[in-house]
1. I need a count of the residues in the range 209-228 that are of a type in the set (A, V, I, L, M) and open to solvent by 60 Å² or more (accessible area, probe 1.4 Å).
2. The conditions are (1) exposed (fewer than 14 other Cβ atoms within 10 Å of the Cβ); (2) under 27 Å from Asn204 (Cβ atoms); (3) more than 29 Å from the chain's Cα centre (by Cα), and Arg402 fails exactly one of them. Which is it?
3. State whether one or more residues within the range 232-240 are in a strand (DSSP E or B), modelled with pLDDT under 90 and under 22 Å from the mean Cα position of the chain (by Cα).
4. Looking at the range 397-412, I want the residues that are closer than 10 Å to Glu212 by Cα and have a partner that is open to solvent by 40 Å² or more (accessible area, probe 1.4 Å) with Cβ atoms under 6 Å, at least 6 apart or on another chain. Which pairs are those?
5. Consider the range 342-358. How many of its residues are surrounded by 13 or more Cβ atoms within 10 Å (Cβ to Cβ) and part of a strand (DSSP E or B)?
6. Yes or no: Val182 at pLDDT 95 or above, within 30 Å of Arg133 (Cβ to Cβ) and open to solvent by less than 30 Å² (accessible area, probe 1.4 Å)?
7. Just one of (1) open to solvent by 70 Å² or more (accessible area, probe 1.4 Å); (2) within 30 Å of Arg171 (Cα to Cα) trips up Val396, so point out which.
Amino acid sequence: MISMIMILNQKGDILLSRQYRDDVSRAAADSFRLQVIAAKETGSQVGPVKRIENCSFLYTRHTNMYFVALTRSNVNPALVFEYLFQKIKILKAYLGEEFDENSMRNNMTLIYELMDETMDFGYPQNCAVDVLRLYINLGAVKAVQEQETSELTSQITGAIDWRREGIKHRRNEVYIDVLESVSLLLSQNGSILRNEVTGQVQMNTKLSGMPECKFGLNDKLVIDRDNYNNGNRKRGVEIDDCTFHRCVRLGKFDADRTITFIPPDGEFELMRYRVTDNINLPFRVLPAIQEHGTTKVSINLKVIANFSDKLFSTSVIIRIPVPRNTSKAKIKVSLGRAKYEPEQQSIVWRIRRFPGKAECHLSSEVDLMPTVRKKVWSRPPINLEFQVPMFTASGVHVRFLRVFDKSGYHPNRWVRYITRAGGYQIRI
């Protein structure tokens, strides 16, 4: 992990440093000064990572200072840079947005305390400014009362550092977006080669106080348990590969599949999931393409919307590939607009609004230019792009959202479903 953090001025002099492991020394600053700062590599096209004598230097710049992390291990650079950026953010919160070399020298004790609290033995720890301010204030640790100890400990360990107390909203509301991306790969004979749905649940919470929320989907394991207990015959969806925001209590989910959490204030992603069985494909595509010698190709395409006639799809784009030596194409469509676009080597059919249960047709006669060398057309797949509001290809839907707070208010809840195309392809 990270062996040392150094902060240098524009001349390469060390303003302060903190050593977390003993495999590097302050003498490494000389190497950085000579090979990076003196060589004027910073700010150039050279990346912010330099390896000198089996030691990696990862650095970023703020005003006229360099924040440098040193390591001899094979560390994840994204993690190191995230820590450096968070470190600068913390210093901005304590010293001001435009802190400089003088303000750093005047607050050495504070900065060393922050360096000790945000990293332990080279591993990044708590970098939440709101939590750090509770017990680090201008270099002096606040006296913590005994009744506050448990609360402070829970926040230091990251239990609820994503939400502060005392939040108040005039109107308590929760907005839930279930966003799905459906992927399909269909063979020439109509068999499904790949079919899955990846989804995410986005929330925007405007709730007062410290509410506890209980969120429920039509998860097959939960539905089957309820059916067994109550004698119902409801059908659930088999949800796989669930990943959650860190506010979710994973112990409760592992025990009884209930999603319980204290939400952050504002927008956040509650969870991601994947579904591979019993997927409702929003569109069915029936292509018929014939090659007439080397001079002409006829294309007939029928697209059927499988979702309810009360719904509609927007921004539908269908790309039908044509040979490279296409000269022109005569196209007729029953809905929308279509034209041959040479830069995409395809006929692009755009439909602004596609009603549910509707059938749309495209027919085209494609003229080909004669070529010296005969080359077999590879026939790339047809690609679809679309967006269907209030429809989920997986069948996932929100069963309930319960909000529990001391004040007992009843928030308004809004749920929206959107299904988009991932890789929706039909081979021809």
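1. Our first condition is that a residue be of a type in the set (A, V, I, L, M); within the range 209-228, this holds for 210, 217, 221-223.
From what is left, the residues that are open to solvent by 60 Å² or more (accessible area, probe 1.4 Å) are 221.
Going through the range 209-228 one residue at a time, the tally reaches 1.
2. Going through the list (1) exposed (fewer than 14 other Cβ atoms within 10 Å of the Cβ); (2) under 27 Å from Asn204 (Cβ atoms); (3) more than 29 Å from the chain's Cα centre (by Cα), Arg402 breaks only (3).
3. Applying the first criterion (in a strand (DSSP E or B)) to the range 232-240 yields 237, 240.
Narrowing the set further to residues that are modelled with pLDDT under 90 leaves 237, 240.
Applying the additional criterion that residues be under 22 Å from the mean Cα position of the chain (by Cα) yields 240.
Looking for residues that are in a strand (DSSP E or B), modelled with pLDDT under 90 and under 22 Å from the mean Cα position of the chain (by Cα), one finds at least one in the range 232-240, hence yes.
4. Sorted first by the residue in the range 397-412, then by its partner, the pairs are Arg402/Lys214; Phe404/Glu212.
5. Result for the range 342-358: 8.
6. Values: at pLDDT 95 or above: yes; within 30 Å of Arg133 (Cβ to Cβ): no; open to solvent by less than 30 Å² (accessible area, probe 1.4 Å): yes.
No: the conditions fail for Val182.
7. It fails just one condition, (1).
Matching residues to (1) farther than 30 Å from Val222 by Cα; (2) within 33 Å of the chain's Cα centre (by Cα); (3) polar (S, T, N, Q):
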site	(1), (2), (3)
Lys310	no, yes, no
Ile317	yes, yes, no
Ser334	yes, no, yes
Arg337	yes, no, no
Cys360	yes, no, no
Ser364	yes, no, yes
Thr392	no, yes, yes
Gly395	no, yes, no
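The values are calculated or read from the model by the stated rules, or taken from the named source; none is laboratory data. Being a predicted model, the structure only gives us computed values, none of them experimental. Heads up, the Cβs are rebuilt from the backbone with ideal geometry, glycines too, and the neighbour counts pull from every protein chain shown. Areas reflect the complete protein model, heavy atoms only, side chains present, ligands, DNA and RNA absent. Shrake-Rupley method; radii C 1.70, N 1.55, O 1.52, S 1.80 Å.
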